[in-house]
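Asks: Sharing a structure below in structure tokens format, with a few things to ask.
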Amino acid sequence: MTLPFKAVAVDMDGTFLDDRKQYNHEQFDKILTEFEKQGVHFIVASGRPYARLKQDFSEFADRMDFVTLNGSRLIIEGKDAGGYPLNRQDVLDLIHEVHDKYGKMTTMVFEEGIAYLNTEIPKEERDFLAYFAGKSDVVDAWCDLPEGDIYQITFNMDSSKAKEIEDAFNKTHVNQISAFASANTAIDVNVKGISKGTGLKRLLEKLGMTGKDLIAFGDGGNDIDMLDFAEYSYAMANGMQEVKDHAKYVAPANTENGVFKVLQEYLDKD
């Protein structure tokens, strides 16, 4: 019996990683090796940037593909396969509008290979957030951002405000945005129409595949488009109820090694 899918896509935080931000490297190597034998592509689809993901998978990155920053940057075999940046002035406008309406908050701006935070953020918090960036720096004012393509903004705030922020901005700007609840206290913003789902669609097209060939795992609001796109969609038991409503199946929690358990079950059937 052959596997019913040709590609696997996993979210990171709350899905592939346990609550200590870790995964079993030995077990992953075994599963990845089995997939390679059968020509199955392993794809990480994450809100994290490639700079961070290369560190997360330092032993395996050259054997995987990546949909990073919620679909804004695509990486195949370590090479750029597509990028969808925000308009720079729109980024500055959005930060100003969100901070003005909801109060100043921790904000991260992701350019290619680096993320920026404001110096107003306490150093302890900057150091914590630097983990998610892979590589980071600070700016005194957002207008001082170095020139470069901007792929994502992340606001550390009540994620229930994501739709409200998206609608308000899109009413007054030509270049529109999409905003996702990536965690309970985090909102990710990308170019309108860009998501893990569209990113995976474009990456799979380059590999000669479609959503019918995909199994996907997620737990947060930014995973919904990906689960809708995948033929075999799994929400984690620890995931948001809205995410479970969009998935065909529920996998054991991330703290129970849920992704590995499901994938191993498919391999054992094969």
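The values are calculated or read from the model by the stated rules, or taken from the named source; none is laboratory data. Quick caveat: nothing in here was measured; it's all calculated off a predicted structure. Cβ placement follows ideal geometry from the backbone for every residue including glycine, while neighbour counts extend to all protein chains displayed. The protein model used for the area step is the full one, side chains on, heavy atoms only, and it has no ligands, DNA or RNA in it. Shrake-Rupley method; radii C 1.70, N 1.55, O 1.52, S 1.80 Å.
Asks: Taking H as built 1.01 Å from N, whose amide H comes closer than 5 Å to the amide H of Gly193, not counting residues under 5 places away?
Replies: When sequence neighbours closer than 5 places are left aside, the close amide H contacts are Ser178.
Asks: While we're on this one: Using a 1.4 Å probe, what is the accessible area per residue for the range 58-194, in Å²?
Replies: With the other protein chains kept in place, the range 58-194 gives 47 Å² per residue.
Asks: Starting from the Cα of Cys143, step 7 Å along the direction of its Cβ; do the same at Lys269; then give the gap between the two resulting points in nm.
Replies: 5.9
Asks: Among (i) 33, 22, 17; (ii) 41, 19, 16; (iii) 31, 18, 18, find the value of semi-axes √(5λ) of the Cα gyration tensor in Å that was calculated from the structure presented, and write down its label.
Replies: (iii)
Asks: Can you tell me how the range 92-199 classifies by the Cα gyration tensor, rounded, prolate or oblate, using a/c under 1.5 as the rounded cut?
Replies: Here the range 92-199 falls in the rounded category.
Asks: Taking the chain as the reference, fit the longest principal axis to its C-alpha atoms, fit the long axis of helix 123-133 to the helix C-alpha atoms, and give the angle between the two in degrees, 0 to 90, nearest 10.
Replies: The two axes meet at around 40 degrees.
Asks: Restricting to the range 181-270, compute how many DSSP beta bridges are antiparallel as a %, nearest 5.
Replies: Approximately 20 percent, going by the DSSP bridge assignments.
Asks: While we're here: Given the range 150-201, what count of lysine pairs have C-alpha atoms under 18 Å apart, with each pair 8 or more places apart or on different chains?
Replies: 7
Asks: Rank-order 199-206, 260-267, 184-191 by packing density, defined as the average count of other C-beta atoms within 10 Å over each peptide's residues, highest first.
Replies: In decreasing order of mean packing, 199-206, 260-267, 184-191 become 184-191, 199-206, 260-267.
Asks: Express in whole angstrom the spacing between the alpha-carbon centres of the range 56-95 and the range 1-20.
Replies: Centre-to-centre (Cα) distance: 18 Å.
Asks: What whole number of Å gives the distance from the Cα centroid of the range 227-270 to the Cα centroid of the range 156-205?
Replies: Centre-to-centre distance over Cα atoms comes out at 23 Å.
Asks: Sorted by packing (mean other beta-carbon atoms within 10 Å per residue), highest first, where do 67-75, 7-15 land?
Replies: 67-75, 7-15
Asks: What is the helix-to-structure angle for 258-269, meaning the angle in degrees between its Cα long axis and the longest Cα principal axis of the chain, kept from 0 to 90 and rounded to the nearest 10?
Replies: 30
Asks: For the range 168-175, just list the computed ³J(HN,Hα) in residue order, Karplus coefficients 6.51, -1.76 and 1.60, θ = phi - 60°, integers in Hz, with x standing in for Gly and Pro.
Replies: 5, 5, 5, 6, 10, 10, 5, 7
Asks: In the chain, carbon and sulfur make up what percent of the accessible area (probe 1.4 Å)?
Replies: 47
Asks: How long is the gain from Lys123 to Thr172 if the chain were fully straight, where each residue apart is worth 0.36 nm and the alpha carbon distance is subtracted?
Replies: 14.2 nm
Asks: Sticking with this one: Taking amide H atoms as placed 1.01 Å from N in the peptide plane, list the residues 5 or more away in sequence, or in a different chain, whose amide H sits under 5 Å from that of Ala81.
Replies: For Ala81, whose amide H was placed from the backbone, the distant partners under 5 Å are Leu74, Ile75, Ile76.
Asks: Starting from the Cα gyration tensor of the range 164-270, take the square roots of the eigenvalues, sort them a ≥ b ≥ c, and report rounded, prolate or oblate (rounded when a/c is under 1.5, otherwise prolate if a/b is larger than b/c, else oblate).
Replies: The shape class here is oblate.
Asks: Now, a different point. How large is ³J(HN,Hα), in whole Hz, for each residue of the range 99-108 in order, when computed from phi with the Karplus curve 6.51 cos²θ - 1.76 cosθ + 1.60 and θ = phi - 60°, using x for Gly and Pro?
Replies: Running phi through 6.51 cos²θ - 1.76 cosθ + 1.60 with θ = phi - 60° gives 5, 5, 7, 10, x, 5, 8, 5, 9, 10 Hz.
Asks: What ³J(HN,Hα) values, in whole Hz, does the Karplus curve 6.51 cos²θ - 1.76 cosθ + 1.60 give for the range 18-34 when θ = phi - 60°, with x put for Gly and Pro?
Replies: For the range 18-34, the Karplus-derived couplings read 7, 6, 9, 6, 10, 8, 7, 5, 5, 5, 5, 4, 5, 5, 4, 5, 5 Hz, x marking Gly and Pro.
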